[in-house]
Amino acid sequence: MRVLLVGQPNCGKTTLFNRLTGRRERTGNRAGVTVEGALGRLRGTEAELVDLPGLYGLAGGGPEEQAARKALLDEETDFILNVVDSTALTRGLALTVQLAALKKPMAVLLNMADEARKQGLRLDPAALSRALGAPVYLISARTGEGLSDPGRWLREGRVPRGDLGADPFAAARRLGALGVKGGRGARPRGADRWLLHPVWGLPLFALILGLVFLISFQWAGPWLARGVEGLTAALQGALAGTALDYPLLREGLLGSAGYVLSFLPVIGLLSLLLTLLEDVGYLPRAAFLLDGWLKKLGLDGRCAVPLLLGFGCTVPALMAARTLGTASRRRTGALLPFVPCSAKLPFLLLLGSRMIPHRPARGALLLCGLSLVIGVISGTLMKSAGPASAFALELPPLRLPRWQSVAKETEVHLLHFFRRAGRVLLPASVALWGAMNLGPDLRPLGPGEESLLFCLGRLLLPLLRPLGLSDGRVGVILLMGLGAKESMAAAAALFAREGMTLTGAQAAVLGAVAVLLPPCLGALGTMRGELGKGFTARLILRQVLIAYGCGWILHALLHLLGGRFP
């Protein structure tokens, strides 16, 4: 039996899906988290449950809504579980009326019943069931209320009435009046009076985002990182004089990989704090506040959520942009390379320590700020491509954080980092160590011989010298970043132990180039699938030209200033 879980964005479908199937699909307190259907077995039954992307109606919308409609209209469906947000009943019932017209067995689940009661809403599922001609149940996916026997929904479900009305919105208003009484409504109140204030809203946003970065990069993150560095040093010391005391293991693997893993607390904290802001419902409010500013770039407030998620990783940011229209998706995708992802942080902090000794976070923030400024300039120039689409955003309720959900989402980000480290970082570290210790003939280096890596770097010197970078190994670092941005820090750590040094000015130029180059291959592969290979090819060419041009200009300016960096 095939059962479709259908509802509007941010009605709690995916949280319910995880409860009913034991799966761990991504959830979040904002619209558009689910962009692909997920499959699972409905607990206590043999039915296959499909979690469809959220859709507002059976007409219009983006690619993910079109996929949901295709599943409803064109594929074999035995049953529909319609999830409705109890705190916005009339709005959700507009989709229910359209689903009823499909003449398929269904049941309606009024989710977030606990939050509706807190708002003083008196729900009447029996009256709504009589009007619909289909069973209606009160549930809470967050607390588990009403979920003890999900098989009951299938047993009692039936085809709803077909005379609900030709106008789904008028019918939804009539049904909503039957299904709910009283309540204070959804008008902004409490914290929203400050968070969405036309004067104080933006300063509060700047304060909140500033605290996120300070906690991640300057306060708790570095303190935790020192513990990881100490553990790595202890492991290296334990290997000394043992049968496993091989340079490849001690220096190639533990040295470089341990250096990158020392930044894991920074990446983990950033992911945790961004996920926390999403879960309590603040990210959509930030999107609302930034709407006016983003319109100057030809975007709208909905684009703010993917752009903010880009500070964590470009891949989920691209996936979140699926909920946008075609034009907004392309513009958002074009700006995401200017948002420094967390994978660049280890390398930027390393360069920051050369730019501003004892204050690496400040140097890294300068490089990130440069990237964002160039992105604003690029977005302003792109605005001539056409007007932004109309802005319509669903503001979810502010909630206390669901710590289990926050922990799971942070775990997903960290596991993604570990998988990349295992597939790309460690093999790259071994390859780099070998290239540094082998000659062009792949034999161990003899006295006075040049390594394979040095020979490769020498080929790149004509491109590096105009940037004031005279060491060919710098080019190898940039090439490593194409596979995974974390690899740049691993390569730099290896080269530093071999004697490579950078002045403060060289570190600034290298950082500017590195932060503006195209995203990693994983992000580019996602971009190719989402936005097309032609768009991706043009973006790669644009980013390479911008990175090289900015590096050259910065080198010239620093040369004119003279001596500003040590």
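The values are calculated or read from the model by the stated rules, or taken from the named source; none is laboratory data. Computed from a prediction, not measured in an experiment: that's the story for all the values here. With ideal geometry, Cβ positions are generated from the backbone for all residues, glycine too; neighbour counts draw on all protein chains shown.
Condition test on L110, is it part of a strand (DSSP E or B), at negative phi, at pLDDT 90 or above and surrounded by 13 or more Cβ atoms within 10 Å (Cβ to Cβ)? Working first, answer last.
Values: part of a strand (DSSP E or B): yes; at negative phi: yes; at pLDDT 90 or above: yes; surrounded by 13 or more Cβ atoms within 10 Å (Cβ to Cβ): yes.
Yes, satisfied.
Please go through region 14-50 and give me each residue that is of a type in the set (D, E, K, R), at pLDDT 90 or above and closer than 27 Å to T90 by Cα, ordered by number.
Here is the first cut: in region 14-50, the residues of a type in the set (D, E, K, R) are 19, 23-26, 30, 36, 41, 43, 46, 48.
Within this subset, residues satisfying the condition of being at pLDDT 90 or above are 19, 41, 43, 46, 48.
R19, the sole residue that qualifies.
Return yes or no: is P346 modelled with pLDDT under 90 and closer than 17 Å to L516 by Cα?
Spelling it out, P346 is indeed modelled with pLDDT under 90 and closer than 17 Å to L516 by Cα.
When the residues of region 413-442 are narrowed to those that are out of contact with any Asp or Glu (no Cβ under 9 Å at 6 or more places or on another chain) and part of a loop (DSSP other than H, G, I, E, B), which ends up modelled with the highest pLDDT?
D441
Can you find even one residue in region 231-245 that is on the phi < 0 side of the Ramachandran plot and modelled with pLDDT under 75? Steps first, answer last, please.
First pass over region 231-245, keeping only residues on the phi < 0 side of the Ramachandran plot: 231-240, 242-245.
Within this subset, residues satisfying the condition of being modelled with pLDDT under 75 are none.
Checking region 231-245: not a single residue is on the phi < 0 side of the Ramachandran plot and modelled with pLDDT under 75.
Quick one: which residue in V544, V513 is closer than 24 Å to P357 by Cα and modelled with pLDDT of 85 or more?
Values: V544 fails: closer than 24 Å to P357 by Cα.
One residue alone meets the criteria, V513.
Yes or no: R142 under 30 Å from L274 (Cα atoms), assigned to a loop (DSSP other than H, G, I, E, B) and in contact (Cβ under 8 Å) with a residue 24 or more places away in the chain? First the steps, then the outcome.
Numbers: under 30 Å from L274 (Cα atoms): yes; assigned to a loop (DSSP other than H, G, I, E, B): yes; in contact (Cβ under 8 Å) with a residue 24 or more places away in the chain: yes.
In short, yes.
Being over 12 Å from the mean Cα position of the chain (by Cα) and among the β-branched types (V, I, T) narrows it down to one residue among T332, T314; which is it?
Values: T314 fails: over 12 Å from the mean Cα position of the chain (by Cα).
Every option except T332 fails the conditions.
What is the residue count in region 268-290 for residues that are assigned to a helix (DSSP H, G or I) and farther than 19 Å from A343 by Cβ? First the steps, then the outcome.
Going through region 268-290, the residues assigned to a helix (DSSP H, G or I) turn out to be 268-280, 282-290.
Retained after the next criterion (residues that are farther than 19 Å from A343 by Cβ): 276-280, 282-290.
Number satisfying all stated conditions: 14.
Take region 205-231 and flag every residue that is surrounded by 17 or more Cβ atoms within 10 Å (Cβ to Cβ) and either not assigned by TED's automatic domain parsing to the domain that holds G352 or not hydrophobic (A, V, I, L, M, F, W, C) (or both).
Those that are surrounded by 17 or more Cβ atoms within 10 Å (Cβ to Cβ) and either not assigned by TED's automatic domain parsing to the domain that holds G352 or not hydrophobic (A, V, I, L, M, F, W, C) (or both): S216, Q218, G221, P222.
For region 313-366, list the helices (runs of 4 or more DSSP H) that sit wholly inside it and hold at least 2 residues that are surrounded by fewer than 24 Cβ atoms within 10 Å (Cβ to Cβ) and not aliphatic (A, V, I, L, M); which are they?
Working: elements: 314-320, 326-335, 345-355.
Per the criteria, 326-335, 345-355.
Counting just the residues of region 290-337 that are over 27 Å from L348 (Cα atoms) and touching a Lys or Arg at 6+ places or on another chain (Cβ under 8 Å), which one comes out modelled with the highest pLDDT?
Taking the candidates together, the pick is R329.
Only helices (runs of 4 or more DSSP H) wholly contained in region 474-566 count here; list those with 1 or more residues that are under 23 Å from A327 (Cβ atoms), assigned by TED's automatic domain parsing to the domain that holds A343 and within 22 Å of the chain's Cα centre (by Cα). Explain how you work it out, then say what you get.
Numbers: elements: 486-497, 504-516, 521-531, 533-561.
Counting at least 1 such residues, we get 521-531, 533-561.
List the pairs whose first member sits in region 443-468 and is closer than 18 Å to G511 by Cβ, whose second member is part of a helix (DSSP H, G or I) and of a type in the set (S, T, N, Q), and whose Cβ atoms are under 8 Å apart, counting only residues at least 6 apart or on separate chains?
Close Cβ pairs (under 8 Å, with a partner that is part of a helix (DSSP H, G or I) and of a type in the set (S, T, N, Q)) amount to G468/Q506.
Can you tell me which residues in region 291-307 are surrounded by 22 or more Cβ atoms within 10 Å (Cβ to Cβ), in a helix (DSSP H, G or I) and out of contact with any Cys (no Cβ under 8 Å at 6 or more places or on another chain)?
The first filter runs over region 291-307 and keeps only residues surrounded by 22 or more Cβ atoms within 10 Å (Cβ to Cβ), leaving 294, 297-307.
Adding the requirement that they be in a helix (DSSP H, G or I) leaves 294, 301-307.
Selection gives G301, R302, C303, A304, V305, P306, L307.
Specify the residue that is modelled with the lowest pLDDT; the eligible residues are those in region 164-183 that are hydrophobic (A, V, I, L, M, F, W, C) and surrounded by fewer than 16 Cβ atoms within 10 Å (Cβ to Cβ).
Looking at residues that are hydrophobic (A, V, I, L, M, F, W, C) and surrounded by fewer than 16 Cβ atoms within 10 Å (Cβ to Cβ), I get A166.
Can you give me the number of residues within region 501-553 that are among the charged types (D, E, K, R) and surrounded by 18 or more Cβ atoms within 10 Å (Cβ to Cβ)? Give the derivation first.
Initial filter on region 501-553 (among the charged types (D, E, K, R)): 528, 530, 533, 538, 542.
Still in the running and surrounded by 18 or more Cβ atoms within 10 Å (Cβ to Cβ): 530.
Total satisfying the criteria: 1.
Which one of the conditions (1) surrounded by fewer than 19 Cβ atoms within 10 Å (Cβ to Cβ); (2) under 31 Å from the mean Cα position of the chain (by Cα); (3) in contact (Cβ under 8 Å) with a residue 60 or more places away in the chain does D78 fail to meet, given that it meets all the rest?
It fails just one condition, (2).
I need every pair where a residue in region 125-138 that is in the same structural domain as V159 (by TED's automatic domain parsing) and in contact (Cβ under 8 Å) with a residue 12 or more places away in the chain has its Cβ under 8 Å from the Cβ of a residue that is of a type outside the set (A, V, I, L, M, F, W, C) and assigned to a strand (DSSP E or B), sequence separation at least 6 or different chains.
P125/Y137; G133/R158; A134/R158; P135/R158; L138/E145
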